[in-house]
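Just below is one structure, and these are the notes that go with it.
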Amino acid sequence: YMSYTEFGVDPSSSLFNGQIELAVCDIGPPSGGVGPAGGTALHPVCEPDKQATPYLIVSPGDPSCEKEGAYPAVDLVSGDVYVAFEFNWATNVFGPTSCLGTKTRDIVQRVPVSCLTLTPTSGCGPSNTGSVFVRSLDAAFVPGYNRFPMNDFPRIAADPMKGTVTLVWNDARRDAVGDIFLESFALGTLARIQSAPVRINPDTGGWHFLPALRQADATGDLNITFYQRDSGDTAVTNVEGVLGIDPLLTAPPVSSVLVTTQSSDWNADSSDIFPNFGDYTDNYVIATTAPPFTGNQLYVAWSDGRLGFPQPFEANGPTP
């Protein structure tokens, strides 16, 4: 499954500020061979393919406030898909007027497995919705980061072992230069688990932004990585991780790990592209062939400037 934002060019169209959509691909069975729609790992069959009609509309376009930053997660027990995205990103700064007074939210929606047919279009859509208010960083100027506005797009993981789907994002509610916050929801109903979002970064006072999260590990715990700076006026950047997090937690973790072996000064080492260091970090827990279908080896990817021109790097190791 792939989620994305479709934008239209007509300012009067509801697509102009983004519509969240879902695509599906038949890649064949795990054992190899051809899947039910004729797809294989080498030659997937995807919908909507080249047709103009989307396979499934997760959230229709809003005529005024922007929707963007969509990520999917799959409940590997039920087969339901959960899609997270940000509502009123950028339009909370640039307008129109109706969006300037509207709170920014990270939203998660459940798409039941019964909707996820391997057909050109799905016959239904989301059945449950959860959301959390965001104190956006999109008006922040991050030293050495040459794209504006900054994003608060949520990253998402479904965790059937703990019965949760979890969002993480960067947020300025406690610190103007950002913290990483977590909010979990109950699988199925999307009822909120925590009474308030929980800060994930143990250290405070510096930049914490662009978190990564994809899925739970074999123990049902989450592993979150992010860019970190010691103060608000520096461009010297590392990647840190907070590993082995219970998605049901209600208090901040007490420790983090340093992922990078060398800091990168985003002012001194940069590129002529936008963004100069990439918009995101990413991580991934290695897949297994049997339930719970994830292991305990974590891979982390990011860009840094240790070689001068920014390059992609990877590190890996066992989760707690």
Past the 19 angstrom mark, what percentage of all C-alpha to C-alpha distances in region 94-207 do you count? 56 percent
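If packing is taken as the average count of other Cβ atoms within 10 Å, what order do 199-211, 19-31 fall into, highest mean first?
So the order, starting with the most tightly packed, is 199-211, 19-31.
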Can you tell me how much longer the chain between N146 and D246 gets when fully stretched, taken as 0.36 nm per residue apart minus their C-alpha distance, in nm with one decimal? 32.5 nm
Taking every Cα atom in the chain, find the radius of gyration and the maximum pairwise distance Dmax, and write them in Å. 19.5, 55
Nothing charged except the Cβ atoms of Lys and Arg (+1) and of Asp and Glu (-1): what's the magnitude of the dipole of region 170-320 about its Cα centre? Round to the nearest 20 debye. 400 debye
Which cross-chain or sequence-distant (5 or more) residues have an amide H under 5 Å from the amide H of F277, H modelled 1.01 Å from N in plane? N146
How big is the gap, in Å, between the Cα center of region 38-113 and the Cα center of region 152-201? 17 Å
Where only alpha carbons of region 1-135 are counted, the Rg and the Dmax (Å): 16.4, 54
Dipole of region 1-92, positive direction: furthest Cα of N88, P72, S31, with charges on the beta-carbon: S31
On the formula 1/(1 + (r/R0)^6), with r taken between the Cβ atoms of K103 and A191 and R0 of 30 Å, the FRET efficiency rounded to 0.05 is 0.90
Counting pairs of Cα atoms in region 224-320, how many percent are more than 23 Å apart? 34 percent
When Rg is the radius of gyration of the Cα atoms in region 152-257 and Rh is its Kirkwood radius, what does Rg/Rh come to? 0.97
Which value, to two decimals, describes the C-alpha radius of gyration of region 214-275 once divided by 2.2 N^0.38 Å? 1.41
Reach of K67 by Cα under 28 Å, taken over lysines that are not fewer than 8 positions away in the same chain: K50, K103
Expressed as a rounded percentage, what relative contact order does the chain have, with Cα pairs under 8 Å and six or more residues apart? 11 percent
Taking a point 7 angstrom from the Cα of E314 along the C-beta vector, which residues in region 251-291 have backbone N less than 19 Å away? 259-262, 278-289
How many Å² of accessible area per residue for the chain, probe 1.4 Å? 43 Å²
When you count, for each residue, the other Cβ atoms within 10 Å and take the mean per peptide, how do 299-308, 271-280, 5-14 rank with the highest first? 299-308, 271-280, 5-14
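The values are calculated or read from the model by the stated rules, or taken from the named source; none is laboratory data. Here the structure is a predicted model, which is why all the values come from computation and not from measurement. With ideal geometry, Cβ positions are generated from the backbone for all residues, glycine too; neighbour counts draw on all protein chains shown. Keep in mind that these areas ignore ligands, DNA and RNA; they rest on the heavy atoms of the full protein, side chains included. Shrake-Rupley method; radii C 1.70, N 1.55, O 1.52, S 1.80 Å.
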